[in-house]
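Data first, discussion second: the structure below is written as structure tokens.
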Amino acid sequence: MKVAVVGATGMVGEVMLKVLEERQFPVTELITVASEKSVGKSIRFGDKNYQVVSLETAVSLKPEIALFSAGGDTSLNWAPKFAAVGTTVIDNSSAWRMDANTKLIVPEINASSLTKTDKIIANPNCSTIQMVLVLAPLHKKYKIKRIVVSTYQSITGTGLKAVKQLENEMAGISGEMAYPYPIHQNALPHCDVFEDNGYTKEEMKLVRETQKILNNKTIAVTATAVRIPTAGGHSEAVNIEFETDFTLSDVRKLLNETEGVILQDNTDVNTYPMPIYANGKDDVFVGRIRRDESQPNTINMWIVADNLRKGAATNTIQIAEYLIKNDLI
Ligand code: 2RA
């Protein structure tokens, strides 16, 4: 399989290459793609070095699959160009996620909707993926009425510039700022830009993408997305109101049976998910499962996942694996 990784020098791009190797993805030819300033750089994959090429060159090479993590503008402009030469694009940016003709895929939930005609496929936002993977089986059984979610998002979601800002602040040196304020010993209620309704784009992604993936616009969602100085992954405090009642044992049983979800839930021995332990793993970890005693049919839980892996690179590659397995490319 001729595979292009677009954004190969970025944080997600680097994890994509790592996951492709780990999962022994059938790469017969690799095309590493980045912006003009990175063209010519050498990237190690397996036992070989690959030279970074431009987007123009990559399109001309007609890869069968292109895994994108290069920002929305690049996806908007270049995904159609790759698709026009027969490439199937799986895009990590938000550019295509809400497009009516583009599927938004978490393989464990809705990969079965994919067909050969899907040439641009959207990977959901990291904080959406980890939440809907847990909520999908619960929605199927109890029908979700409303979700209230607060996220605690790793600086790795912003990228290398944010990681460098934190390193500088911890070292007491000034440098380029990824955020409007210091992030060291701080929490910023500001992920991505603000929309007219007072929410950030990151918060509205959780609303809009959840409704699209669960194929139900009646699900009410409200979100607060917070940036915190951690590196291992995104954490989420989620409150879910169902149409019907549930038992905690049944919820735990359902989640235990859900592929890609691992329960870490025993407060007797201080067992609950934490980003430092989710770091580098592909599973989504759930704990602090407890009934919301303030209203009926409602549950609280804590959900943690590595935002660069299941939240981005691994989910993207799992979509590609599904396409190959089902002869859709
Ligand atoms: C963030 N989910 O964490 C966004 C983009 N990766 O900033």
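The values are calculated or read from the model by the stated rules, or taken from the named source; none is laboratory data. Every value quoted in this text rests on a predicted model; they were computed, and no experiment measured them. Don't worry about glycine lacking a Cβ; one is built from the backbone with ideal geometry, like all the others, and counts go over all protein chains shown.
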Can you give me the number of residues within segment 163-202 that are free of Cβ contacts under 8 Å to residues at least 24 places away in the same chain and either surrounded by 14 or more Cβ atoms within 10 Å (Cβ to Cβ) or within 13 Å of the ligand (Cβ to nearest atom) (or both)?
-> 8
Total residues in segment 88-119, condition away from the ligand (no atom under 16 Å from the Cβ) and either touching a residue at least 40 places away in the same chain (Cβ under 8 Å) or surrounded by fewer than 21 Cβ atoms within 10 Å (Cβ to Cβ) (or both) = 20
Return the total of residues in segment 224-234 being within 12 Å of the ligand (Cβ to nearest atom) and either in a strand (DSSP E or B) or among the basic types (Lys, Arg) (or both).
-> 4
For segment 61-72, indicate whether the set of residues that are in contact (Cβ under 8 Å) with a residue 40 or more places away in the chain, buried (at least 18 other Cβ atoms within 10 Å of the Cβ) and among the polar types (S, T, N, Q) is non-empty.
-> yes
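Step by step: first the residues of segment 287-307, then only those that are part of a loop (DSSP other than H, G, I, E, B) and touching a residue at least 12 places away in the same chain (Cβ under 8 Å), then the one that is nearest to the chain's Cα centre (by Cα). Which residue is that? It would help to see each step written out before you state the result.
Taking segment 287-307 and keeping what is part of a loop (DSSP other than H, G, I, E, B), we get 292-297, 306-307.
Pick out the ones that are also touching a residue at least 12 places away in the same chain (Cβ under 8 Å) and you get 292, 295-297, 306-307.
On the way: Asp292: 27, Gln295: 31, Pro296: 31, Asn297: 28, Asp306: 9, Asn307: 6 Å.
Ranking the qualifying residues of segment 287-307, first place goes to Asn307.
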Do we have Ile303 as in contact with a helix residue (DSSP H, G or I) (Cβ under 9 Å, 6 or more places away or on another chain) and more than 22 Å from Val12 (Cβ to Cβ) here?
-> no
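Consider Ala122 carefully, then state whether it is loosely packed, with under 15 Cβ neighbours inside 10 Å, within 16 Å of the ligand (Cβ to nearest atom) and touching a residue at least 12 places away in the same chain (Cβ under 8 Å).
Values: loosely packed, with under 15 Cβ neighbours inside 10 Å: no; within 16 Å of the ligand (Cβ to nearest atom): yes; touching a residue at least 12 places away in the same chain (Cβ under 8 Å): yes.
No; evaluated as a whole, the condition is false for this residue.
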Hey, any hits in segment 134-143 for a residue that's buried (at least 16 other Cβ atoms within 10 Å of the Cβ), within 16 Å of the ligand (Cβ to nearest atom) and either modelled with pLDDT of 95 or more or within 27 Å of Thr316 (Cα to Cα) (or both)?
-> no
